[in-house]
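This report concerns only the one structure given below.
The values are calculated or read from the model by the stated rules, or taken from the named source; none is laboratory data. Just so it is clear, the model here is predicted, and its values are computed rather than measured. Because the Cβ atoms are built from the backbone with ideal geometry, glycine has one as well, and the counts that use them run over all protein chains shown.
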Amino acid sequence: VLSFKQYTNIRLVKLLKELKTLKLTLFEDFEIYSQEAETFLKNHFNIKSLESYGIHNKETAEVAAGLLGYLKNTQSGHITNLKRIIQRKAEQTLQMDISTINNLEILKNIRTGEKEGSLLNVLDKTHTAFGGRLFKKWLLNPLVKKEQIQERLDLVEYFIHKEQLRINVEKLLRQTKDIERIISRITLHTENPKDVILLKDSLIKLIEIKEVLQEESEKEVKVKKILKNIKSKKLKELNNIIEKTLVEEPPTDPKQGSLIKKGVNQKLDSLKEEILGSQEWIAELETKEKAKTNIPSLKVRYNKVFGYYIEVSKSYAEKVPKEYLRKQTLVNAERYITAELKEHEEKVLKAEEEINDLEYEIFKKLITKIKEYVEPIQKSAREVAKLDILISFSNTAIENAYTKPKIHTGDSLEIIEGRHPVVEKAIENPFIPNSLTMDSQEKQVYILTGPNMAGKSVFARQIALIAILAQCGSYVPAKRASIGIIDKVFVRSGASDFISSGMSTFMVEMVETANILNNATTKSLIILDEVGRGTGTKDGIAIATAVAEYLIYNPENKHPKTLFATHYHELQSLEKEYPNKVTNIRMAVKEEKNKVIFLHKVVKGAANHSYGIEVAKLAGIPEKVIKRSKELLKNNFKEASVIKNKPFKQSNPLIEEIKKIN
């Protein structure tokens, strides 16, 4: 959201538009709100000082006021549900750019853009809509404070050992509607009576969830914070108010009537009593008139145009009494009224209009009352959303044999028999686990080589995913894991997402690599997959080597943990040059009867063969192309001129037959 001054800044707008994930919006009144920022914010949040929300400078206040003003304008002033300001600072969570999120397939898979095949799809076993939304936020914003991470891990461990408690809570979670969305509709005045009933029913579920937790875990220190933040007293108050006011199955339209219970309003009850006799008279009229006239097809009906009327099919027109007054003629029927029917109709319709207006007024007062409870409802819902996620983590850990990681503030990372959480669920055969130990000293940079399809990318990404999961507060797919808290994760691989921006594949690769080199710290984790492949081989090797060397020794003295997957075997010489920093590892391959078997196992040492031709054969490349590739490789491309050597001559069927005879 930009002010007019910002939106007309050509350089700023051009820079922001290069960030594919941003949508720019002009808000012309931004300055009006930002100029009176302190007063506007204090009045809205009903506070004496902006320091209550950690706002200590004018610039932050202006931004907050401008954004709140934008929401006030776009939501027709209905922003009473916005109860606090939360500042998100980079150092408060593990940082990942959009390229890393996409490459790790955290929210969607790269191939189709769908949720299936993503980390979210494997892990998310939440039962509430608001729990599912918070789950995404947790995955995208892992924690960096040891105490917070440990608190989540301990709660996951607690729920793992409380099977019946999990089952009981999950049952209630499944019955809980989307409280956050309902509250949003109420604050935006787009609610209907059915929303209020759904809210009431869901409040009961939140209260029951707290009661179930209290029965099992009241003395458990880990759960006390959750219990404290579910405001059951306030929820019960509101539930009782709604219970006493609305009928259980109200209409969708609050102006339609029939939604307020008896005893809520004396005048309303009196009006309903007054018309009861007329309503009963009209209800019994059809039976009486059928008996009186001996017309079996006679019906008493109502519509908004004509009100109440008596309908008789034309075949019985001769039997219609003289006191019936014709109201309307249809193709097969006639519609009539009587003086007595008209008198009762006027009583009913006049009273019903007054009843409907009064019921709508009572409903709006109920909505106003609900708004007084928005804060405790939101706080309780947030806590239940966290509970939903923690139980989801517990179920995933049990189902997939995850283990509790050890979290520390050092810079080392140790993963023993780690597995890729998504790939292991997608394959039929058992996943081959692999181990890795990293730090910023002797095991800072790993050069990973091996053929395609051997599992380099899977292994590299699983290291990053395990670290991210651990800092989200989840158990991890490994036999054992010890994670030194990471501040940033960078994964550089592929450029498909940004080709449409007008940059070449290689330019995108270099821009992303520059971002890593400029922003990584000693506490960061970097996964570099095939850096330099987008240009000529010599240039690629030179750039890849220089990047690796810079990560080892640089002017800022930053030593991020780095896993460098590459087909450039020349990079393996870095181990000799920097033996205290660089380690060569490779994907193990077995050759058997002219076939290549990928073992998907990481072993120490350097690879000396890429097996590209063997992979091409597995991919279905024609045999003649495979054969020619082997010839060129054997002769070191001395016969590379395809035109001169004509390796793929077209055969003549007649000559081939003569050869067979000879």
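Listing for the model above:
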{"item": "Any hit, the range 185-207, residues being crowded, with 20+ Cβ neighbours inside 10 Å and either free of Cβ contacts under 8 Å to residues at least 12 places away in the same chain or closer than 30 Å to residue 465 by Cβ (or both)", "result": "no"}
{"item": "From 16, 22, residue being in a loop (DSSP other than H, G, I, E, B) and modelled with pLDDT under 80", "result": "22"}
{"item": "Among (1) farther than 30 Å from residue 101 by Cα; (2) among the β-branched types (Val, Ile, Thr); (3) touching a helix residue (DSSP H, G or I) at 6+ places or on another chain (Cβ under 9 Å); (4) in a helix (DSSP H, G or I) - the single one residue 190 does not satisfy", "result": "(4)"}
{"item": "Members of the range 433-458 that are buried (at least 24 other Cβ atoms within 10 Å of the Cβ) and either of a type in the set (A, V, I, L, M, F, W, C) or closer than 27 Å to residue 145 by Cα (or both)", "result": "438, 445, 447, 448, 454"}
{"item": "Residue 144 vs. criteria under 23 Å from residue 214 (Cα atoms), β-branched (Val, Ile, Thr) and not assigned by TED's automatic domain parsing to the domain that holds residue 520", "result": "no"}
{"item": "Top-ranked residue of the range 417-471 - restricted to ones that are out of contact with any helix residue (DSSP H, G or I) (no Cβ under 8 Å at 6 or more places or on another chain) and aromatic (Phe, Trp, Tyr), ranked as nearest to residue 561 (Cα to Cα)", "result": "446"}
{"item": "Conditions (1) over 23 Å from the mean Cα position of the chain (by Cα); (2) over 23 Å from residue 391 (Cβ atoms); number of the one not met by residue 491", "result": "(1)"}
{"item": "Residue that is within 23 Å of residue 410 (Cβ to Cβ), at pLDDT below 95 and surrounded by 17 or more Cβ atoms within 10 Å (Cβ to Cβ), where the choices are 495, 520", "result": "520"}
{"item": "For residue 414: the one exception among (1) in contact with a helix residue (DSSP H, G or I) (Cβ under 7 Å, 6 or more places away or on another chain); (2) outside the structural domain of residue 289 (by TED's automatic domain parsing); (3) not polar (S, T, N, Q)", "result": "(1)"}
{"item": "Subset of the range 125-143 (residues that are buried (at least 17 other Cβ atoms within 10 Å of the Cβ) and either among the charged types (D, E, K, R) or in contact with a Gly (Cβ under 9 Å, 6 or more places away or on another chain) (or both))", "result": "125, 126, 138, 142, 143"}
{"item": "Verdict on residue 660 being among the basic types (Lys, Arg) and at pLDDT below 70", "result": "yes"}
{"item": "Residue within the range 51-74 that is more than 30 Å from residue 486 (Cα to Cα) and in a loop (DSSP other than H, G, I, E, B) present", "result": "no"}
{"item": "Residue 305 vs. criteria buried (at least 17 other Cβ atoms within 10 Å of the Cβ) and of a type in the set (Val, Ile, Thr)", "result": "no"}
{"item": "Residue that is of a type in the set (Lys, Arg), in contact with a Phe, Trp or Tyr (Cβ under 8 Å, 6 or more places away or on another chain), in contact (Cβ under 8 Å) with a residue 60 or more places away in the chain and under 30 Å from residue 189 (Cβ atoms), where the choices are 267, 255, 272", "result": "255"}
{"item": "Residue check, residue 427 among the aliphatic types (A, V, I, L, M) and touching a strand residue (DSSP E or B) at 6+ places or on another chain (Cβ under 7 Å)", "result": "no"}
{"item": "Residue 337 surrounded by 15 or more Cβ atoms within 10 Å (Cβ to Cβ), in contact with a helix residue (DSSP H, G or I) (Cβ under 7 Å, 6 or more places away or on another chain) and not hydroxyl-bearing (Ser, Thr, Tyr)", "result": "no"}
{"item": "Pair list, Cβ under 7 Å, 6 or more apart: the range 392-412 residue under 14 Å from residue 469 (Cβ atoms), other residue among the charged types (D, E, K, R) and assigned to a helix (DSSP H, G or I)", "result": "394/166; 404/157; 407/146"}
{"item": "Of residues in the range 564-606 being of a type in the set (Lys, Arg) and under 41 Å from the mean Cα position of the chain (by Cα), the one surrounded by the fewest Cβ atoms within 10 Å (Cβ to Cβ)", "result": "604"}
{"item": "The range 521-547, residues that are hydrophobic (A, V, I, L, M, F, W, C) and touching a Phe, Trp or Tyr at 6+ places or on another chain (Cβ under 6 Å)", "result": "526, 528, 541, 544"}
{"item": "Single residue of the range 75-107 satisfying the filter (in a helix (DSSP H, G or I) and more than 16 Å from residue 53 (Cβ to Cβ)) that is farthest from the chain's Cα centre (by Cα)", "result": "91"}
{"item": "Filter result for residue 482 (polar (S, T, N, Q), closer than 15 Å to residue 407 by Cα and surrounded by fewer than 23 Cβ atoms within 10 Å (Cβ to Cβ))", "result": "yes"}
{"item": "Lone unmet requirement of (1) in a helix (DSSP H, G or I); (2) under 30 Å from residue 476 (Cα atoms); (3) not aliphatic (A, V, I, L, M) for residue 176", "result": "(1)"}
{"item": "Test result for residue 294, in contact with a Lys or Arg (Cβ under 7 Å, 6 or more places away or on another chain), touching a residue at least 12 places away in the same chain (Cβ under 8 Å) and surrounded by 15 or more Cβ atoms within 10 Å (Cβ to Cβ)", "result": "no"}
{"item": "Residue within the range 323-346 that is under 30 Å from residue 268 (Cβ atoms), free of Cβ contacts under 8 Å to residues at least 12 places away in the same chain and of a type in the set (S, T, N, Q) present", "result": "no"}
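Residue by residue, here is whether (1) touching a residue at least 24 places away in the same chain (Cβ under 8 Å); (2) of a type in the set (S, T, N, Q); (3) within 28 Å of residue 178 (Cα to Cα) holds:
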residue: 94; (1), (2), (3): yes, no, no
residue: 100; (1), (2), (3): yes, yes, no
residue: 103; (1), (2), (3): yes, yes, no
residue: 124; (1), (2), (3): yes, no, yes
residue: 131; (1), (2), (3): yes, no, yes
residue: 138; (1), (2), (3): yes, no, yes
residue: 149; (1), (2), (3): yes, no, yes
residue: 152; (1), (2), (3): yes, no, yes
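Each row is one residue, and each column tells you yes or no for (1) within 29 Å of residue 225 (Cβ to Cβ); (2) surrounded by fewer than 20 Cβ atoms within 10 Å (Cβ to Cβ); (3) at pLDDT 95 or above; (4) touching a helix residue (DSSP H, G or I) at 6+ places or on another chain (Cβ under 6 Å).
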{"residue": "71", "(1), (2), (3), (4)": "no, yes, no, no"}
{"residue": "81", "(1), (2), (3), (4)": "yes, yes, no, yes"}
{"residue": "90", "(1), (2), (3), (4)": "yes, yes, no, no"}
{"residue": "123", "(1), (2), (3), (4)": "yes, no, yes, yes"}
{"residue": "145", "(1), (2), (3), (4)": "yes, yes, yes, no"}
{"residue": "174", "(1), (2), (3), (4)": "yes, yes, yes, no"}
